[in-house]
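Visitor: This is the structure, below, for whatever I ask next.
The values are calculated or read from the model by the stated rules, or taken from the named source; none is laboratory data. Note that the coordinates shown come from a computational prediction; the quantities given were computed from them, not determined experimentally. Note that each Cβ is placed from the backbone with ideal geometry, even for glycine, and that neighbours are counted across all protein chains shown. The accessibility values were calculated without ligands, DNA or RNA, using every heavy atom of the protein model including side chains. Shrake-Rupley method; radii C 1.70, N 1.55, O 1.52, S 1.80 Å.
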Amino acid sequence: QVELVESGVGSVQAGWSLRLSCSTREYVYTTYCMGWFRQSSGKDREEVATILPEGTTTYADAVKGRFSISKDDTNNTLHLQMNSLEPEDTAMYYCAADYRCWSKPDMYRYWGQGTQVTVSS
């Protein structure tokens, strides 16, 4: 069973930073594609960033240069460092994983519970 446990919920002001974390089992962390996704009110879930087991990363255009996805090998934890946050970044953020990266969020089989990020102007 693949379990993804997220942490890092927060409400911040525009321009501030926040880090989200997602812990999982070692075999998921070392062999699965993992990523961060978000869904804001009235919109479809969208990909934010993904990382392959060997470390290759991809980012959505909206977050390039501001967000950074990384892995902490000491405790099998995935992070999303979010800098220069904007009100448009307000959403429920989800950690997801699968044996490969998919082109559409709905194709990922394993999801965390979600964590709310609110950015005020």
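Visitor: On the first, second and third principal axes, largest extent first, how far apart are the outermost C-alpha atoms of the range 68-120 in Å?
Guide: Answer, in whole Å and largest first: 36, 29, 19 Å.
Visitor: A follow-up question, please. State which stretch of the chain is the longest one without any exposed GluC sites (Glu not before Pro), exposure meaning a DSSP loop state and at most 14 other Cβ atoms within 10 Å.
Guide: Working: sites that count: Glu3, Glu54.
The longest uninterrupted stretch comes out as 55-121.
Visitor: Between Ser40 and Glu3, what is the FRET efficiency for a Förster distance of 30 Å, r being their Cβ-Cβ separation, to the nearest 0.05?
Guide: On the way: r = 25 Å, r/R0 = 0.84.
Efficiency computed from Cβ-Cβ geometry: 0.75.
Visitor: While we're looking at this one, here's another question. Got a number for carbon plus sulfur as a percent of the range 4-98's accessible area, 1.4 Å probe?
Guide: Numbers: 2080 of 4550 Å².
Of the solvent-accessible surface of the range 4-98, carbon and sulfur hold 46 percent.
Visitor: Size of the range 2-71 along its principal axes in angstrom, Cα-based, largest extent first?
Guide: Here the spans come out as 36, 25, 23 Å, largest first.
Visitor: What is the Cα centroid distance between the range 98-121 and the range 1-35, reported in whole angstrom?
Guide: Cα centres, the range 98-121 to the range 1-35: 10 Å.
Visitor: Something else: Cut-off 19 Å, label point 7 angstrom out along Cα-to-Cβ of Tyr99: give me the residues of the range 1-31 whose amide nitrogen falls inside.
Guide: So the set is 1-4, 25-31.
Visitor: Compute the normalised compactness of the chain: alpha-carbon radius of gyration over 2.2 N^0.38 Å, N being the residue count.
Guide: Details: Rg = 13.3 Å, N = 121, 2.2 N^0.38 = 13.6 Å.
Relative to the 2.2 N^0.38 Å estimate, the chain comes out at 0.97.
Visitor: Follow-up. Which cross-chain or sequence-distant (5 or more) residues have an amide H under 5 Å from the amide H of Glu86, H modelled 1.01 Å from N in plane?
Guide: Gly15
Visitor: Over the range 28-108, what is the relative contact order in whole percent, taking alpha-carbon pairs under 8 Å and six or more residues apart?
Guide: Numbers: 131 pairs, mean separation 30.1, N = 81.
This gives 37 percent for the range 28-108.
Visitor: Name all residues of the range 13-43 having a backbone nitrogen under 16 Å from the label point set 7 Å from the Cα of Ser84 along its Cα→Cβ direction, giving them as ranges.
Guide: 14-18
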